[in-house]
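The values are calculated or read from the model by the stated rules, or taken from the named source; none is laboratory data. Everything numeric here is computed off the predicted structure, so don't read it as measured data. We place every Cβ from the backbone using ideal geometry, glycine too, and count neighbours over all the protein chains shown. Accessible surface is based on the protein model in full, side chains and every heavy atom, while ligands, DNA and RNA are left aside. Shrake-Rupley method; radii C 1.70, N 1.55, O 1.52, S 1.80 Å.
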Protein chains: 2
Amino acid sequence: MSSEPISLGEALASFDALWSPRVVTRVNDYDVRIAKVEGEHVWHAHDDTDEFFLVLDGELSISLREPDGERTVSLPRGAVFTVPRGTEHKPRAPFGASILMFEPTGTLTVGERHDEVPDHVDVTTGHALDV
Amino acid sequence: MSSEPISLGEALASFDALWSPRVVTRVNDYDVRIAKVEGEHVWHAHDDTDEFFLVLDGELSISLREPDGERTVSLPRGAVFTVPRGTEHKPRAPFGASILMFEPTGTLTVGERHDEVPDHVDVTTGHALDV
């Protein structure tokens with residue numbers, strides 16, 4: 001864990017990969033991760049944890065499969081949303097976005113249940129930030 | 001927990017109180033809190049948890065009492081920092097700031113150990129957001 005503050009702008013400038021989160025800092029046994037995203041992720045669910053999103057730049061949409069049916073929420077810059085544990089969801093960002101996530105260390109980007117993972121989605125528990 | 005995204009801008013516009021966090025959403029047994037701050041908080045420590053700060057607007061300084069002595073880190077807008085558990089710290093923002101925090105639900109604003117709490121510091125585990 002860095003003993004100095006980290007600029008999210010500098011952290012985002014340090015990598016280009018899409019759908020491939022970097023761990024910025026840790027809070028107890030949770031990660032604060034950032035990612036650049038564009039296009040579509042994959043339908044997946046985290047059975048054991050909620051997942052928090054904050055949009056730092058651009059706009060993120062998250063499609064959700066809920067008991068009442070499917071819906072999509074839109075998060076412009078500065079919006080936050082928590083996907084409840086067990087809820088199948090698919091993030092997407094047609095025009096690109098930068099996002100911050102908060103979730104337990106070890107959480108996989110594609111959860112425990114997911115559709116076939118496309119090549120552009122990185123299956124990871126988050127990479128170290130190199131700043 | 002809201003089933004719709006929340007705009008941090010609208011959330012911040014919904015209250016004026018300083019050093020009095022609002023709970024924006026929850027992630028498992030953690031709170032995402034926001035606060036408006038100006039002036040000085042109080043020296044305190046959370047013995048059982050790290051505390052994460054993200055500066056949404058303005059600039060936040062956090063003084064830290066570490067084994068090697070006292071130092072102050074400065075967080076401009078868009079910077080993040082995690083105060084390790086057990087570390088005495090005192091946030092301050094001479095010119096004001098808006099901040100976001102991650103910490104376990106139930107965490108007191110003044111921790112378990114603290115100096116005398118001045119009147120302008122709200123001793124709370126966070127208030128409900130009214131948006």
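Can you confirm whether the stretch A:44-60 contains a residue that is among the acidic types (Asp, Glu) and free of Cβ contacts under 8 Å to residues at least 24 places away in the same chain?
Within the stretch A:44-60, not a single residue is among the acidic types (Asp, Glu) and free of Cβ contacts under 8 Å to residues at least 24 places away in the same chain.
So in the stretch A:46-63, with the set limited to residues that are surrounded by fewer than 19 Cβ atoms within 10 Å (Cβ to Cβ) and closer than 19 Å to residue A:113 by Cα, which one is nearest to the other protein chains (Cβ to nearest Cβ)?
Restricting to residues being surrounded by fewer than 19 Cβ atoms within 10 Å (Cβ to Cβ) and closer than 19 Å to residue A:113 by Cα, the top hit is A:48.
May I ask you to say which residue of B:75, B:100 is open to solvent by less than 20 Å² (accessible area, probe 1.4 Å) and within 18 Å of residue B:123 (Cα to Cα)?
B:100
So which pairs qualify, if the first residue must be in the stretch A:90-114 and polar (S, T, N, Q), the second must be part of a strand (DSSP E or B), the Cβ gap must be under 7 Å, and the two must be at least 6 apart or on different chains?
A:98/A:34; A:98/A:36; A:98/A:56; A:98/A:57; A:98/A:58; A:105/A:26; A:105/A:30; A:105/A:31
When residue A:66 is evaluated against the numbered criteria (1) of a type in the set (Asp, Glu); (2) within 14 Å of chain B (Cβ to nearest Cβ); (3) in contact (Cβ under 8 Å) with a residue 24 or more places away in the chain, which criterion, by number, is the only one it fails?
(3)
Would you call residue A:91 away from chain B (no Cβ under 12 Å), closer than 30 Å to residue B:64 by Cα and open to solvent by less than 20 Å² (accessible area, probe 1.4 Å)?
Here the answer is no, as residue A:91 does not meet what is asked.
Only one of B:32, B:23 is in contact (Cβ under 8 Å) with a residue 60 or more places away in the chain, within 11 Å of chain A (Cβ to nearest Cβ) and under 12 Å from the mean Cα position of the chain (by Cα). Can you tell me which?
B:32
Could you check, for the stretch A:70-83, whether at least one of its residues is within 8 Å of another protein chain (Cβ to nearest Cβ), without any contact (Cβ under 8 Å) to a residue 40 or more places away in the chain, closer than 17 Å to residue A:103 by Cα and hydroxyl-bearing (Ser, Thr, Tyr)?
yes
Take the conditions away from every other protein chain (no Cβ under 14 Å) and surrounded by fewer than 15 Cβ atoms within 10 Å (Cβ to Cβ) and apply them to residue B:16. Does it pass?
yes
Taking the criterion of being hydrophobic (A, V, I, L, M, F, W, C), part of a strand (DSSP E or B), open to solvent by 10 Å² or more (accessible area, probe 1.4 Å) and more than 9 Å from every other protein chain (Cβ to nearest Cβ), would at least one residue in the stretch B:107-129 satisfy it?
yes
For residue B:11, which of the numbered conditions (1) farther than 22 Å from residue A:103 by Cβ; (2) facing chain A (nearest Cβ under 10 Å); (3) open to solvent by less than 10 Å² (accessible area, probe 1.4 Å); (4) not hydroxyl-bearing (Ser, Thr, Tyr) fails to hold?
Failing condition for residue B:11: (1).
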